[in-house]
1. Return Y130, Y186, Y66 ranked ascending by Cβ neighbour count within 10 Å, so the fewest neighbours appear first.
2. Can you give me the angle between helix 3-13 and the longest principal axis of the chain, using Cα atoms only, in degrees from 0 to 90, rounded to the nearest 10?
3. Could you give the dipole magnitude of the chain about its Cα centre, charging the beta-carbon of Lys and Arg +1 and that of Asp and Glu -1, in debye to the nearest 20?
4. Put +1 on the Cβ of each Lys and Arg and -1 on the Cβ of each Asp and Glu in the chain; which of C184, S97, L220 then has its Cα farthest toward the positive end of the dipole?
5. Output the 0 to 90 degree angle, nearest 10, between the alpha-carbon long axis of helix 23-33 and the longest principal axis computed from the alpha carbons of the chain.
6. In whole Å, what are the Cα extents of the range 147-295 along the three principal axes, biggest one first?
7. How large is the Kirkwood hydrodynamic radius of the range 1-40, in angstrom, based on all distinct alpha carbon pairs?
8. What angle, in degrees between 0 and 90 and rounded to the nearest 10, separates the Cα long axis of helix 242-251 from the longest principal axis of the Cα atoms of the chain?
Amino acid sequence: MDKIDEAREILKMLGMPKAHQADICCYGLLAMAGIKQDMAWSSAGNEWIRIHDIIQFANTHYGTTYAENSRETFRKQALHHFRNAALVEDNGKATNSPNYRYRLTEETLQMVRTFKTPKWQKSMNRFLIYHEKLVDIYASKKKMTMMPVHINGSDFQFSTGKHNELQKAIIEEFAPRFAPNSECLYVGDTIEKDLVKNTSKLTELGFEITLHDKMPDVVLYREDNKWIYFVESVTSVGPMDSKRILEIAEMTKNVTAGKIFVTAFLDFKTYKKFSEDLAWETEVWIAEMPEHMIHLNGDKFLGPR
């Protein structure tokens, strides 16, 4: 029996639906375990690896021709369901982070190492008996890596990562100081893109909402001044440069509220990296110096243009 057939047999015996016994799932399991064609399952490992590594493993050791743009297919068809079944875990990073990794859980590793041995049936049965408990354990582990954030008087959860760490600071540190009594109309999460999205209020203000990726990271509205704040959370890309201002202006051409453009950074070092790209007549806020703002020219400070 070829290794891909053995991997399919494991997934089948563990009760994975037929759709998740497909070749792409089998190669995913083999790569996660580090099992090549001539290796015994007793040699399985569970190193932290990326989807890129899974693709390279399958192409190198099993002659497949998966392209890099198939990463999302691997994630959706295999790894997402493996994680839900407590076969694998992730390292809690944001999914768009270059440091995001998966590995077999310790329980899965110990089980697959017994495949094709007399201990397999007993090992598999033990896994299945405790399966629901394992699902709960790994779901709880994932929940523990979430970051609480208080938005509009309610509690939400951000996934971990620097981008969301900065968004949390924008909402909890910047807004009370420089946008007092404002309402958060929009904020995304690196996993749940539209965590908060007050579509009715945005439409009422004149927004033309199309693709979420054109939305600023955080949108705040201050009713008393009729000011709307567009805040970009910048850790690696995306400051308020001239191009970004034009994109937001097009989206908000029917918005009559005063518009304030803010670029937020975690630290001064990151600000210096992007300082030459920032558009004039915008504001800068740095989380490590939360009580201060940097104003780029113009006759007004922290006001609409």
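Where a number appears in this text, it was derived from the coordinates with a stated rule and is not lab data. Fair warning: this is a prediction, and the values are worked out from it, not measured in the lab. Reconstructed Cβ throughout: ideal geometry from the backbone, glycine too, with neighbour counts over all protein chains shown.
1. Numbers: Y130 13, Y186 24, Y66 19.
So the residues, fewest neighbours to most, are Y130, Y66, Y186.
2. Computed tilt is about 80 degrees.
3. Numbers: 40 positive and 42 negative charges, 218 e Å.
The dipole of the chain has a size of about 1040 debye.
4. Farthest towards the positive pole: S97.
5. With both axes taken from Cα atoms, the answer is about 90 degrees.
6. 38, 34, 29
7. Working: mean 1/r = 0.1005 Å⁻¹.
Answer for the range 1-40: a Kirkwood hydrodynamic radius of 10.0 Å.
8. Approximately 90 degrees, to the nearest ten.
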